[in-house]
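The structure appears right after this line, and notes come after that.
The values are calculated or read from the model by the stated rules, or taken from the named source; none is laboratory data. No experiment lies behind these values; they were computed from the predicted model shown. Every residue, glycine among them, receives a Cβ derived from its backbone with ideal geometry; neighbour counts consider all protein chains shown. For the accessible areas, the whole protein counts, side chains as well, though only heavy atoms, and no ligand, DNA or RNA atoms are used. Shrake-Rupley method; radii C 1.70, N 1.55, O 1.52, S 1.80 Å.
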Amino acid sequence: MKTFEEKLSEQPLRATPAAWRAEILREARTAAAQQNMEPTAVTGWRSWLWPAPRAWAALAACWVVLLAVQLFVGTPAATAVAQVDAPRLALALEAKRHTLLELEAAVVAQQTPRAAPRLPRGASGWLREEKGALPC
Amino acid sequence: MQLERLYDDHADALFGFLLNLTRSEADTRDALQEIFRRLALHPALLAGVRDERGFLLRMAHNQAIDAIRRRAARDRKHESQALETAGLFAPAPDTDAQTFRVALEAALAGLPPEQRAVVHLKLWEGLTFERIATALAIPLNTAASRYRYGLDKMREQLRPLYAEITP
């Protein structure tokens, strides 16, 4: 006598519809051929982005928002400040440069040794006294 | 070709398993198509695989679970829970056998998918609990207990009919 399990397992399952074979294999081959025809760059990008497409999309959205903020809010104000301050800054720099030059000239003047004072040409008597004092 | 050989060797087993799980010929067709599409796109999938049938049954199980979830969402949306007759078994030569097969299909349909998957692989694929556990990615004891629970339910449901047709 057959057991319950044997009775169940001997019930034959229906076979796969015959028409499916050609259709399924054809569609599978078409998909593989299409993948092979895709440019390598596109495939590379897809394989890189595919693991977390939502994360990449969110990151891209953040960048777009930041770019928009930068373009419409941040940049004009900064440019305006820069435009207002530019001449004043140039004048201040010029004044500093001038001061530095003056200081440099003063320092150079202090470091240069002073030349010995020249004797008056008409002091011959004084010269003679001097020569007499020198050892022979 | 490799794809043809795979189809000829395994398509019937995958078809029966998918049909038993999804209860829908359309979902079974889609799942089978997806499995062979993936095999065509990634021929290296089976490289180094020792248990080819087990690997493909696992792919089929994943596809079936996806199909069941999609259909559940669709059914919630459309508020229709109609369960179509899948036609899981081959037509029987006599009325008694046909009645039993219809009742068996109904009993299988009454099982939760996880029990139905184990019962199917044990009874109609003849897999050991170890191979079933590997194919379905579940512990060995879980596979064995699901089989026992599923078989008990079916025995209870089919008892009158089984007693009647068993000599």
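For the reader, a short list of remarks on this structure follows.
- Note that the stretch B:90-167 presents 51 Å² accessible area per residue, ligands and nucleic acids not counted, probe 1.4 Å.
- Over 17 Å [Cα-Cα, the stretch B:1-86], rounded percent: 48
- By the Kirkwood approach, averaging reciprocal distances over each pair of separate Cα atoms, the stretch B:90-167 gets a hydrodynamic radius of 13.3 Å.
- Within 10 Å of the Cβ of each residue in B:23-34, the mean number of Cβ atoms contributed by other protein chains is 2.
- Under 5 Å from the amide H of B:PHE89 lie the amide H atoms of A:ARG14, each residue being 5 or more positions distant or on a separate chain, with H modelled from the backbone and absent for Pro and chain starts.
- Average 1/r across all pairs of distinct alpha carbons in chain B, invert it, and you get the Kirkwood radius: 17.0 Å.
- Take each residue in A:15-23, count the other chain C-beta atoms within 10 Å of its C-beta, and the mean is 4.
- For peptide B:116-122, the mean count of partner chain Cβ atoms within 10 Å of a residue's Cβ comes to 1.
- Relative protection proxy for A:47-55, B:33-41, A:4-12, from highest mean packing down: B:33-41, A:4-12, A:47-55 (other beta-carbon atoms within 10 angstrom).
- For the pair B and A, the buried accessible area comes to roughly 3200 Å² in total, with a 1.4 Å probe and the value rounded to the nearest 100.
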